[in-house]
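A.B. asks: What follows is a single structure, and I will ask about it in a moment.
The values are calculated or read from the model by the stated rules, or taken from the named source; none is laboratory data. Keep in mind that this is a model prediction, so the values were computed, not measured. Every residue, glycine as well, gets a Cβ built from its backbone with ideal geometry; the counts of neighbours run over all protein chains shown.
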Amino acid sequence: MAMPHFTLHQPSSLEEALDLMSRHRASMKVLAGGTDLVPKMRAGAIQVEHLISLNRLPGMNRISYLDDDGLVIGCGARLSEVGANAEVRRYYPALAHACSVMATTQIRNMGTVAGNLVNAAPSADTAAPLLAYKASVVLVERGGRRQVPLEKFFEGPGKCAIEHLELLEAIRVPVPLDRSGSCYERLSARSQVDIAGVGVAGFLALDMEGKILAARLALAAVAPTPVRCAECEALLTGHEPSPDLIARAAAAAVRSARPIDDVRATAGYRRAMVHVLAKRVLETCLSQAQGGAR
Amino acid sequence: MNNNPAIIGASLPRLDARDKVTGRSIYVDDMMLPGMLYGALLRSPLPHARIKRIDVSKARALKGVKDVIVGADTPQIRYGNWRLVPQSQDELPLAVDKVRFLGDEVAAVAALDKETAERACQLIEVEYEELPGLFTVEDATAEGAAIIHDDSPGNVSLNRKITYGDLEAGFKRADYVRDDVFTVHAVSHAYMEPCSSIAAPDEGGRVTLWTSTQVPYIVQCLLAATLGLPENHVRVIKPNVGGGFGGKMELRPWEFCAAFMALRTGRPVKFTLNREQELAFGRRRHAMTIHSKVGFTKDGKITAKDFNVLLDGGAYNSMGPTATFLCGNFGAMLYRYPAYRYLGRHVYTNKPPAGAMRGFGAPQALFAAESQMNMAAAELGIDPIELRIINAMETGDEIPEVATISSCGFKESLVKVREMSGWDAKRKEKSPGRGIGVGCYSFISGGVFNWFNTKYNFATAEVRVFEDGTAHLLTMATDIGQGSDHTLRQILAAELGIGIEKIRLTAADTAVTPKADLGTWGSRVTLMSGNAVIDAARKIKEMLIPVIFSQFDLNQIHDVAFEGDRVFAKARPDKGLTFGECVYKALRGRRGEPLTAFGAYTPRNRGLVSPAFSFGAQVAEVEVDQETGLIKVQKMYTAHDCGVPINKMGVEGQLEGSIHMGLGYALMEDFVMKDGRTLNTNFLDYKIPTAQDMPPGESVEIDTYEPEGPFGAKEAGEGLVSPTAPAIAEAVHHATGYRCMDLPITPPKVLKGIGKLK
């Protein structure tokens, strides 16, 4: 199908954007990178008369890190910019890695982290690391702002907690703890230019005695939404890390997965791979954490 | 022999390369004609059904729609490439009465713009009576199965038998017999340029078709037949083509619909497919079930082979008959089989038709044959390369009544690849997850069998030379991206002794270029069209040689050389003229009659299969992650015999492209299908390796000379697609102990094979 006709709005302030959204509420979509939206429009899966672009909003592509405040990623920040950002690479390596290996160079140069979250694909690559980092999203509408933990954000394939007239303004990620480590691993048939068949992100922090202070593990592409693994995390928290503990935690992670058979992989293979990747991810997180770096 | 090493065997960049990589080259979909209409096809949503009723009135009434056609509006003349066997011609451009696969073309619309044409298609009402769908060769050949084509009860459209030697005695004297079943899957050609065609009405009820095709002459003949027009009323022009790999070697429904509606409306009509349509409904490589039984003596000599193949042909014959024929031929290549029996059965199923695809029956036959050699080697306790050397074909070998091998560098390839890959040491070294394996191939250099039943020569060329020292080569040879235009220019330049840049080339226009040429497939172009070019060039030389003799009053014992844009007495280079001067004088002597010559090539007395055969051996090194099952191919080593390479750079490109295609076939490409519907119809889910997946490689060309080929050349573009899958499968086995007998070698299969996944 060829592209249907639509009007492109390019507001230069947040207020203007929110006004436009409200005015055209009947047939409106917000455009950031367009890498998910435009193909859907081309395929005729979405009919829309007004596109409201975020690309001229001031400060929307910010990536800022402060030691007290953590990381803020504006809704216009491109995947490639986030993946290349020195502070993201230093403090949030799992996110940097996801942003650098997902999709293709061209898509990473246009697509945004915010868009990746709002698109709410079960396989969203940035979702798993952001869940592991306990990120929140800042949603704004004409009446005000609210902050939603990412854990509560995803509702189903393609569905998330954003209201029709809300914008995802920014993503906030807390400062990582001392003595912590994090990492993201994904499996796909091709080495590059591919969608994740299974993705696992982890975060581990140790206390002064070397016991696990905090543990978070998140999965992509193995459930209707990206998910945290509560059972796995509970098993790890407060305990002395050991190969046996990690093996048990990895096995527990599988129980948080609710994979399906589809054209990309079978549920059985996905479950097995959650186990393998969870173990690898936890091992990497642990060795980073024990190395003392944060 | 090669008298021009600056041109033959050199590594020359193609003249069209810059335009192609900078996006300047014009393809059919880039072309616009005044008043042009846009076409769209309505396809069957069911895999097998009877058409009860079609109502196009709503579509016709839509604003902007200029024409709507269904099968009943057309002449309903069946077509197919195998004109020699008319009952094999089983296709109609638009379905009449029945649809046989999900995607079968039912109606076509021409409108002012593409969106209107597509909307009109949705307004066509078709009432179907669904019939049972048959999706596997087993179901299709089962007792009481529904019949897909009325004239093929049992759904077997074709049986092909080859038999020679005493099979029973061969197995009796075998010390060791292997009996295995292999299955191989369908894959897509995935050419970069989706199919596109424009037809324009021409004066006097004639029609011109610009189309992305590998076979302009075949399209001309079959289009004329299906339109009910004289052949000469149809002109087919092939502009730049972005790859074919066998997927564009037939008349296609949209070519017919474009021409038919152009004649009806008096306006040009364009059809362009998109990737989703290509993957969902396009031609594909034959899936096969291969039952192979081979006997060996205890010292490794093959005694007999029994090769039984079921080809999953999909809904129509397409190029299936040739694939059935060739699969049996490839099953008997590479090694000396004292006794051989082949039974190939081409089976109809309710799926998109399988057609020709790079390798044409060889990738399937050789995956089975080469895997089986590797399995036998292990059981016999003989090194796999050694076992091959024991049985390897040699120059002069004969397959009774089928082929004679006039040049063969197979043993040399095996020896070379063993050495360059460090085989002996790496094979002994057992480190978990790392493995090394070998696979081999032989391939044809064009076909001998005249299935199209052409009355013309298989390949032709016309050469014109001018007093400004230039030449014009006219040929119907079809460059679809492989670089044959450049190769033919090189051959002509070498023969006439002039620079490549002096040659204007007009190719693949059926109204202008000499009749005929069967197109690009079966690796035929370099050998066949190359020979035709040489034939024409030699006739031109005969016109120029007398000029030198008269001009310089040469003794009859002299010979004349053509080199460096000069024509001169070989022993007295000072006695000569520039090429242009020589043409000028010849022109004067002929009182103005232009110097034009026709050349032709048709293989004669070259058996039933091909005038020449290429050979080669390939070694793959892999690393397997034994927890995830992911396979990384670390390095590929290739030693191959393509005769004398005309353009080394072209040969290297073909080798790299073959490895890339072989990699996809071996590891990840696969159609996911449910009830006749293809589910993965984009490149996100139909996985083709990217450049990033390409392993590094080393390659060596074995020095042979093919007496039947131009300057000693033979095939280099197709055979190499076959050894990669069996080499990788063997390397995975060496690394993990898992033996793949059903391609592709996916991570879950590896894990199941080593007991790590249920």
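A.B. asks: Scan region B:656-671 and give yes if some residue there is away from chain A (no Cβ under 14 Å) and more than 30 Å from B:THR349 (Cβ to Cβ), otherwise no. Before the answer, list the steps.
C.D. replies: So the first thing to find is which residues in region B:656-671 are away from chain A (no Cβ under 14 Å), and the list is B:656-659, B:661-662.
Keeping just the survivors that are more than 30 Å from B:THR349 (Cβ to Cβ) gives B:656, B:659.
Yes, because at least one residue in region B:656-671 is away from chain A (no Cβ under 14 Å) and more than 30 Å from B:THR349 (Cβ to Cβ).
A.B. asks: Right, something else. Which pairs do you get when a residue that is at the interface with another protein chain (Cβ under 7 Å from one of its Cβ atoms), found in region B:672-687, comes within reach of a residue that is outside any loop (DSSP other than H, G, I, E, B), reach meaning Cβ atoms under 8 angstrom, with the pair 6+ apart or on two chains?
C.D. replies: Within 8 Å, the pairs are B:VAL672/B:THR678; B:LEU679/B:MET673; B:ASN680/B:LEU279; B:LEU684/A:ASP194; B:LYS687/A:ASP194; B:LYS687/B:GLY664.
A.B. asks: Next up: Looking at (1) outside any strand (DSSP E or B); (2) over 30 Å from B:LYS270 (Cβ atoms); (3) touching a residue at least 24 places away in the same chain (Cβ under 8 Å), which one does B:ARG160 not meet, given that it meets all the others?
C.D. replies: Going through the list (1) outside any strand (DSSP E or B); (2) over 30 Å from B:LYS270 (Cβ atoms); (3) touching a residue at least 24 places away in the same chain (Cβ under 8 Å), B:ARG160 breaks only (1).
A.B. asks: Right, next: Give just the number: which of (1) at pLDDT 95 or above; (2) assigned by TED's automatic domain parsing to the domain that holds B:LEU473; (3) of a type outside the set (Lys, Arg) does B:PHE613 not satisfy?
C.D. replies: Here B:PHE613 clears every test but (2).
A.B. asks: Among the numbered criteria (1) farther than 24 Å from B:ILE162 by Cβ; (2) outside any strand (DSSP E or B); (3) in contact with an Asp or Glu (Cβ under 9 Å, 6 or more places away or on another chain), which one does B:ARG588 miss?
C.D. replies: Status for B:ARG588: all satisfied but (3).
A.B. asks: Moving on to the next point. Collect the residues in region B:81-94 that are closer than 17 Å to B:GLY282 by Cβ and either not in a strand (DSSP E or B) or not acidic (Asp, Glu) (or both), keeping them in residue-number order.
C.D. replies: B:ASN81, B:PRO93
A.B. asks: Report whether or not A:PHE203 is of a type in the set (Phe, Trp, Tyr) and assigned by TED's automatic domain parsing to the domain that holds A:VAL101. Outline the logic, then answer.
C.D. replies: On the way: of a type in the set (Phe, Trp, Tyr): yes; assigned by TED's automatic domain parsing to the domain that holds A:VAL101: no.
It is false that A:PHE203 is of a type in the set (Phe, Trp, Tyr) and assigned by TED's automatic domain parsing to the domain that holds A:VAL101.
A.B. asks: B:GLY437 is checked against (1) over 23 Å from the mean Cα position of the chain (by Cα); (2) surrounded by fewer than 21 Cβ atoms within 10 Å (Cβ to Cβ) and fails just one. What number does that condition carry?
C.D. replies: Only one criterion in (1) over 23 Å from the mean Cα position of the chain (by Cα); (2) surrounded by fewer than 21 Cβ atoms within 10 Å (Cβ to Cβ) is unmet by B:GLY437, namely (2).
A.B. asks: Then there is this: Please state which one of A:ARG271, A:ARG216, A:ARG264 is outside any helix (DSSP H, G or I), within 14 Å of another protein chain (Cβ to nearest Cβ) and charged (D, E, K, R).
C.D. replies: Values: A:ARG271 fails: outside any helix (DSSP H, G or I); A:ARG216 fails: within 14 Å of another protein chain (Cβ to nearest Cβ).
Answer to the selection: A:ARG264.
A.B. asks: Looking at (1) more than 24 Å from the chain's Cα centre (by Cα); (2) outside any helix (DSSP H, G or I); (3) of a type outside the set (A, V, I, L, M, F, W, C); (4) surrounded by 19 or more Cβ atoms within 10 Å (Cβ to Cβ), which is the only condition B:ASP535 fails?
C.D. replies: Only one criterion in (1) more than 24 Å from the chain's Cα centre (by Cα); (2) outside any helix (DSSP H, G or I); (3) of a type outside the set (A, V, I, L, M, F, W, C); (4) surrounded by 19 or more Cβ atoms within 10 Å (Cβ to Cβ) is unmet by B:ASP535, namely (2).
A.B. asks: So, one more: Can you pull out every residue in region B:699-728 that is in contact with a helix residue (DSSP H, G or I) (Cβ under 6 Å, 6 or more places away or on another chain) and farther than 30 Å from B:LEU492 by Cα?
C.D. replies: Answer for region B:699-728, where residues must be in contact with a helix residue (DSSP H, G or I) (Cβ under 6 Å, 6 or more places away or on another chain) and farther than 30 Å from B:LEU492 by Cα: B:SER722, B:THR724, B:ALA725, B:PRO726, B:ILE728.
A.B. asks: Would you check if B:ALA368 is touching a strand residue (DSSP E or B) at 6+ places or on another chain (Cβ under 7 Å), more than 20 Å from B:ARG78 (Cβ to Cβ), among the small types (Gly, Ala, Ser) and outside any strand (DSSP E or B)? Explain how you work it out, then say what you get.
C.D. replies: Details: touching a strand residue (DSSP E or B) at 6+ places or on another chain (Cβ under 7 Å): yes; more than 20 Å from B:ARG78 (Cβ to Cβ): yes; among the small types (Gly, Ala, Ser): yes; outside any strand (DSSP E or B): yes.
The answer is yes for B:ALA368.
A.B. asks: Of the residues that sit in region B:688-713 and are within 14 Å of another protein chain (Cβ to nearest Cβ) and of a type in the set (A, V, I, L, M), which one is farthest from B:TYR191 (Cα to Cα)?
C.D. replies: B:MET694
A.B. asks: While we're here: Taking only pairs six or more apart or across chains, which ones have beta-carbon atoms under 9 Å, a first residue in region A:93-110 that is assigned by TED's automatic domain parsing to the domain that holds A:GLY33, and a second residue that is among the aromatic types (Phe, Trp, Tyr) and modelled with pLDDT under 95?
C.D. replies: From region A:93-110, no pairs qualify.
A.B. asks: When you look at A:THR126, is it of a type in the set (Val, Ile, Thr), more than 22 Å from A:VAL227 (Cα to Cα) and without any contact (Cβ under 8 Å) to a residue 60 or more places away in the chain, yes or no? Give the steps one after another, and end with the answer.
C.D. replies: On the way: of a type in the set (Val, Ile, Thr): yes; more than 22 Å from A:VAL227 (Cα to Cα): no; without any contact (Cβ under 8 Å) to a residue 60 or more places away in the chain: yes.
Judged against the criteria, A:THR126 is not a match.
A.B. asks: Please enumerate the residues belonging to region B:118-136 that are within 14 Å of chain A (Cβ to nearest Cβ) and assigned to a strand (DSSP E or B). First the steps, then the outcome.
C.D. replies: Of region B:118-136, the ones within 14 Å of chain A (Cβ to nearest Cβ) are B:118-122.
Of everything in region B:118-136, nothing turns out to be within 14 Å of chain A (Cβ to nearest Cβ) and assigned to a strand (DSSP E or B).
A.B. asks: When you go through B:PRO321, B:PRO239 one by one, which is the residue that is in the same structural domain as B:LEU94 (by TED's automatic domain parsing), of a type outside the set (Gly, Ala, Ser), over 24 Å from B:ALA107 (Cα atoms) and touching a strand residue (DSSP E or B) at 6+ places or on another chain (Cβ under 8 Å)? Even if it seems obvious, please write down each step before you answer.
C.D. replies: Numbers: B:PRO321 fails: in the same structural domain as B:LEU94 (by TED's automatic domain parsing).
Among B:PRO321, B:PRO239, only B:PRO239 is in the same structural domain as B:LEU94 (by TED's automatic domain parsing), of a type outside the set (Gly, Ala, Ser), over 24 Å from B:ALA107 (Cα atoms) and touching a strand residue (DSSP E or B) at 6+ places or on another chain (Cβ under 8 Å).
A.B. asks: Shifting gears a bit: Under the condition of being closer than 22 Å to B:ASN682 by Cβ and of a type in the set (A, V, I, L, M, F, W, C), which residue from region A:1-30 is nearest to the chain's Cα centre (by Cα)?
C.D. replies: A:MET3
A.B. asks: Can you find a residue in region A:242-260 that is outside any helix (DSSP H, G or I), more than 23 Å from A:LYS134 (Cβ to Cβ) and away from chain B (no Cβ under 14 Å)? Walk me through it before giving the result.
C.D. replies: Step one: of region A:242-260, the residues outside any helix (DSSP H, G or I) are A:242, A:255-260.
Of the ones still in play, those that are also more than 23 Å from A:LYS134 (Cβ to Cβ) are A:242, A:259-260.
With the extra rule that they be away from chain B (no Cβ under 14 Å), the set shrinks to A:242.
There is at least one residue in region A:242-260 that is outside any helix (DSSP H, G or I), more than 23 Å from A:LYS134 (Cβ to Cβ) and away from chain B (no Cβ under 14 Å).
A.B. asks: Any chance region B:63-83 includes a residue that's within 14 Å of chain A (Cβ to nearest Cβ), hydrophobic (A, V, I, L, M, F, W, C) and buried (at least 18 other Cβ atoms within 10 Å of the Cβ)?
C.D. replies: Start the filter on region B:63-83 by keeping residues that are within 14 Å of chain A (Cβ to nearest Cβ), which leaves B:64.
Within this subset, residues satisfying the condition of being hydrophobic (A, V, I, L, M, F, W, C) are none.
No: zero hits.
A.B. asks: Any residue in region B:625-637 that is within 9 Å of chain A (Cβ to nearest Cβ) sitting within a Cβ distance under 7 Å of a residue that is among the β-branched types (Val, Ile, Thr)? List the pairs, counting only those 6 or more apart or interchain.
C.D. replies: B:GLU627/A:VAL276; B:THR628/A:VAL276; B:GLY629/B:VAL750; B:LYS632/B:VAL622
A.B. asks: For region A:189-209, what are the residues that are more than 14 Å from every other protein chain (Cβ to nearest Cβ) and among the charged types (D, E, K, R)?
C.D. replies: Initial filter on region A:189-209 (more than 14 Å from every other protein chain (Cβ to nearest Cβ)): A:201-209.
Within region A:189-209, A:ASP207, A:GLU209 meet the criteria.
A.B. asks: Additional query: Just one of A:ARG186, A:ARG172 is within 14 Å of the chain's Cα centre (by Cα), under 20 Å from A:PRO93 (Cα atoms) and within 14 Å of another protein chain (Cβ to nearest Cβ); which is it? Don't jump to the end; show me each part of the working.
C.D. replies: On the way: A:ARG172 fails: within 14 Å of another protein chain (Cβ to nearest Cβ).
Residue meeting the stated conditions: A:ARG186.
A.B. asks: Answer yes or no as to whether B:PRO594 is away from chain A (no Cβ under 14 Å) and within 21 Å of the chain's Cα centre (by Cα). Talk me through it step by step, then tell me what you get.
C.D. replies: Details: away from chain A (no Cβ under 14 Å): yes; within 21 Å of the chain's Cα centre (by Cα): no.
No: the conditions fail for B:PRO594.
A.B. asks: Further question: Inside region B:429-483, can you point out the residues that are polar (S, T, N, Q) and over 30 Å from B:GLY629 (Cβ atoms)?
C.D. replies: B:SER442, B:SER445, B:ASN450, B:ASN453, B:THR454, B:ASN457, B:THR460, B:THR470, B:THR475, B:THR478, B:GLN482
A.B. asks: Take B:ASN159 and tell me if it is surrounded by 16 or more Cβ atoms within 10 Å (Cβ to Cβ), touching a Leu at 6+ places or on another chain (Cβ under 9 Å) and not assigned by TED's automatic domain parsing to the domain that holds B:VAL269.
C.D. replies: Working: surrounded by 16 or more Cβ atoms within 10 Å (Cβ to Cβ): no; touching a Leu at 6+ places or on another chain (Cβ under 9 Å): yes; not assigned by TED's automatic domain parsing to the domain that holds B:VAL269: yes.
No.
Let's see how each residue does on (1) farther than 22 Å from B:GLU593 by Cα; (2) touching a residue at least 12 places away in the same chain (Cβ under 8 Å); (3) surrounded by 20 or more Cβ atoms within 10 Å (Cβ to Cβ):
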| site | (1), (2), (3) |
| --- | --- |
| B:TYR456 | yes, yes, no |
| B:THR460 | no, yes, yes |
| B:LEU473 | no, yes, yes |
| B:SER484 | yes, yes, yes |
| B:LEU488 | yes, yes, yes |
| B:ILE491 | yes, yes, yes |
| B:LEU496 | no, yes, yes |
| B:ILE500 | yes, yes, no |
